Amino acid sequence: MTYCVGLLVQSGVVMIADTRTNAGIDNVSTFRKLHLFGAGGERAIAIACAGNLSISQSVIAMVSEGVVNPETGETERIEDMPSMFRAAQLVGFAVRRMRKELGEALEEAGLPFDVAFLLAGQIAGREMRMYMVYAAGNFIECGRDSPFFQIGEHKYGKPILDRSVQWDTTLNDAIKLGLLSMDSTLRSNLGVGLPLDIAVIPRDALEITVSRRIENGDPYFRDLSDRWSAALRAAHMDIPSPPWGVGD
């Protein structure tokens with residue numbers, strides 16, 4: 001299982017992904033699921049992936065090395081795309097290509113074609129965008145009313161985002177909220193695990209200003225988790241008991 005979250009706020013993009021891949025209780029591995037692309041001053045793009053690891057790795061390799069456009073015969077790479085919309089189209093095309101190549105074999109093996117991507121970033125002269133690409137290769141764009149996307153095991157980390165993330169949320173607050181969402185998921189699902197990869201792209205910077213891995217025991221993440229737990233306990237105690245409750 002996987003959990004990835006992308007937040008697109010007024011001041012930029014935050015992308016966070018766990019690294020756990022679970023193929024059974026005795027086969028737990030760590031693989032990077034957040035992939036970064038960019039050229040200083042020209043573009044900054046992040047792609048997070050969830051689902052079948054072999055499919056997602058193949059798609060990332062295809063958009064990195066190039067996919068032949070059947071209409072033009074040209075090889076297209078994500079770093080050549082003129083807009084984020086075209087980048088989303090390229091990822092979608094690569095997903096459909098993999099479905100065509102592997103779909104029948106997976107079906108015969110009783111395995112679903114399970115994959116999803118978050119694609120976010122900015123290209124010079126264009127607006128910052130974020131898309132979610134589905135297993136069919138279609139995609140939707142993130143909007144101001146709900147300025148975040150999630151893929152993978154999203155239910156445990158969604159409530160805090162629903163309550164807290166807004167378009168005018170600062171980039172630092174978006175980082176905190178994304179990490180709190182991840183912490184909530186880590187506590188409730190053993191299929192999601194550390195280390196975490198995080199990338200931050202400020203609007204119009206055209207570069208990834210934060211790219212780091214949060215390991216087990218990271219002092220900031222541990223403190224954030226402890227403070228959040230204490231704050232939740234304190235908030236619970238501050239709420240009056242129900243007037244129709246039972247005596248203690």
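Count the net charge of all other residues whose Cβ sits under 10 Å from the Cβ of Ala136, scoring Lys and Arg as +1 and Asp and Glu as -1.
Values: positive: Arg96, Arg99; negative: none.
Charge balance in the 10 Å sphere: +2.
Which order, highest average first, do 43-49, 188-194 follow once you tally other Cβ atoms within 10 Å for each residue and take the mean per peptide? Walk me through the numbers before you get to the answer.
On the way: 43-49: 27.1, 188-194: 16.9.
Final packing ranking: 43-49, 188-194.
Charges only on Cβ, +1 for Lys and Arg, -1 for Asp and Glu: so what's the dipole of the chain about the Cα centre, in debye to the nearest 20? Don't skip to the end; give the middle numbers.
Values: 24 positive and 31 negative charges, 49 e Å.
Here the chain has a charge dipole of around 240 debye.
Return the lysines within reach of Lys155: Cα separation strictly under 28 angstrom, same-chain partners fewer than 8 residues apart disregarded; answer none if there are no such residues.
Lys33, Lys176
Relative contact order of the chain, please, whole-number percent, based on alpha carbon pairs below 8 angstrom and at least 6 residues apart. Walk me through the intermediate numbers first.
On the way: 480 pairs, mean separation 67.2, N = 248.
Relative contact order, the chain: 27 percent.
Which helices of the chain meet both criteria: a Cα extent of 30 Å or more along the helical axis and a mean Kyte-Doolittle score no lower than -0.5, with helices taken as whole DSSP H segments? Before the final figure, lay out each step's value.
On the way: long enough: 84-108 (35 Å, -0.15).
What comes out of the filter, once short or polar helices are dropped, is 84-108.
Run the simple label-point estimate for Ser188 and Ala105 please: 7 Å along Cα→C-beta, distance reported in nm.
Result: 3.7 nm between the two label points.
Based on Cα coordinates alone, diagonalise the gyration tensor for the stretch 84-179, multiply each eigenvalue by 5, take square roots, and list the semi-axes in whole Å, largest first.
Numbers: eigenvalues 171, 69, 14 Å².
Semi-axis lengths for the stretch 84-179 are 29, 19, 8 Å.
Using a 1.4 Å probe over the heavy atoms of the protein chains, calculate the carbon and sulfur portion of the accessible area of the stretch 137-248 as a whole percent.
Numbers: 3580 of 6830 Å².
Within the stretch 137-248, the accessible surface is 52 percent carbon and sulfur.
Along the charge dipole of the stretch 75-162, Cβ charges K/R +1 and D/E -1, which of Pro147, Ala124, Val91 sits furthest on the positive end?
About the Cα centre, the residue reaching furthest to the positive side is Ala124.
Of Val28, Gly103, His236, which is farthest along the charge dipole of the chain in the positive direction, counting Lys and Arg as +1 and Asp and Glu as -1 at C-beta?
The residue sitting farthest along the positive end of the dipole is His236.
Quick check for you: with a 1.4 Å probe and neighbouring chains kept, what is the accessible area per residue of the chain, in Å²? Provide the component values of the computation, followed by the final result.
Details: 12870 Å² over 248 residues.
Roughly 52 Å² per residue, with all protein chains present.
Using a 10 Å cut-off on Cβ atoms, rank the peptides 170-181, 98-109 from the highest mean neighbour count down. Let's see the in-between values first.
Numbers: 170-181: 19.6, 98-109: 12.9.
Packing proxy ranking, top to bottom: 170-181, 98-109.
Tell me what the chain gives for mean residue ellipticity at 222 nm when only DSSP H runs of n ≥ 4 count, each as -39,500 (n - 2.57), the sum divided by the residue total, rounded to 500 deg cm²/dmol. Working shown, then result.
Values: 5 runs with 83 residues, N = 248.
Taken over the chain, the calculation gives -11000 deg cm²/dmol.
Taking the structure as given and computing mean projected area of the Cα convex hull in nm², which label from [x] 19.0; [y] 17.0; [z] 15.4 fits?
Entry [y].
The values are calculated or read from the model by the stated rules, or taken from the named source; none is laboratory data. Remember, it's a predicted structure, so these values are computed and weren't measured experimentally. Here Cβ is always computed from backbone atoms with ideal geometry, including for glycine, and neighbour counts include all displayed protein chains. Surface accessibility is based on the protein's heavy atoms, side chains included, excluding ligands, DNA and RNA. Shrake-Rupley method; radii C 1.70, N 1.55, O 1.52, S 1.80 Å.
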